[in-house]
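This report concerns only the one structure given below.
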Amino acid sequence: MMAQIAIVDDHPIFLDGMAQFLSSHGHDVIFCARSVSEAIARLKADQPDLLILDVSMKDGGGLAILSAIRESGSTVPVIFMTVHIRPDQTLEAIKLGVDGVVLKDSDPKELLTCITEVLDGNKSISPTVMEQALVHSISAPSNENNSLAALTDRELEIAGLIRAGLRNREIAARCGLTEGTVKVHLHSIFQKLGIKSRSELIIMMLSMDNDIPAVGLH
């Protein structure tokens with residue numbers, strides 16, 4: 001699947017190498033930017049299918065760009081490509097609607113896989129990054145302990161299946177529902193828990209494992 005991609009990174013050699021790598025695999029790199037301000041200015045003129053951002057740059061980095069574009073109402077898919085991301089940054093990125101996180105020391109094929117997943121509408125976050133975020137969320141003080149009490153039995157069942165990694169179609173088949181009904185339940189779950197994504201739901205549920213009945217996972 002070919003995509004028009006924009007890359008933002010403040011290391012020129014890495015930026016050039018990344019652009020060449022993506023072009024050689026059939027993607028169209030429509031622009032490269034080296035700062036937050038340059039990226040935001042370019043995004044006003046050009047609309048890529050996908051944005052690849054470095055997390056840490058001199059003038060703010062990926063979180064600043066992600067926050068700015070989400071506030072503007074843009075839903076363009078965003079992948080963070082980074083040497084390191086702190087767990088609190090991962091949790092913030094998930095809340096802001098990041099679509100993928102790839103570490104720069106990964107095999108290049110992982111980036112291509114992440115791009116394909118994200119363009120298909122899925123989330124693709126490095127397991128290492130998710131694990132560190134989970135550990136952080138477990139050790140951080142939480143006021144979410146009673147939040148699951150607001151869910152109905154059916155919503156708890158669906159949340160449990162999402163935690164187990166099932167997609168909407170598989171959940172629908174397991175529960176004897178239509179995919180549309182699963183989406184309605186999911187919307188209700190997100191609203192009740194004050195979250196916006198499956199990734200947030202998974203992290204929340206894993207961090208509360210001791211309090212969760214194993215519903216629908218037998």
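What follows draws every value from the coordinates through simple rules; no lab data is involved. Fair warning: this is a prediction, and the values are worked out from it, not measured in the lab. As a convention, Cβ positions derive from the backbone with ideal geometry for all residues, glycine included, and neighbour counts pool all protein chains shown.
Some points to look at:
- In this structure, the pairs whose alpha-carbon distance is over 28 Å, taken from LYS109/LYS192; LYS44/LYS109; LYS58/LYS104; LYS104/LYS183, are LYS109/LYS192; LYS44/LYS109; LYS104/LYS183.
- Cα-based Rg and Dmax for the range 81-199, where Dmax is the largest Cα-Cα distance (Å): 15.6, 43
- Taking each DSSP H run with n ≥ 4 as -39500 (n - 2.57) and averaging over every residue of the chain yields -15500 deg cm²/dmol at 222 nm.
- The range 4-40 and the range 150-205 have Cα centres lying 36 Å from one another.
- Rel. contact order, % - alpha carbon contacts under 8 angstrom, at least six apart, the range 144-211: 38
- Relative to the longest principal axis of the Cα atoms of the chain, helix 153-163 runs at roughly 40 degrees.
- With Cα atoms, 0 to 90° folded angle of helix 127-139 axis to the chain main axis: 50
- The relative contact order of the chain, computed from alpha carbon pairs under 8 Å that lie at least 6 residues apart in sequence, is 15 percent.
- Applied to the range 41-49, the Karplus parametrisation 6.51 cos²θ - 1.76 cosθ + 1.60 on θ = phi - 60° returns per-residue 3J(HN,Hα) values of 5, 5, 5, 6, 9, 10, 10, x, 6 Hz, with x for Gly and Pro.
- Nearest 10 degrees, 0 to 90: helix 179-193 Cα axis against the chain principal axis: 90
- Highest to lowest packing among 3-16, 24-37, 77-90, scored as the average C-beta count within 10 Å: 77-90, 3-16, 24-37
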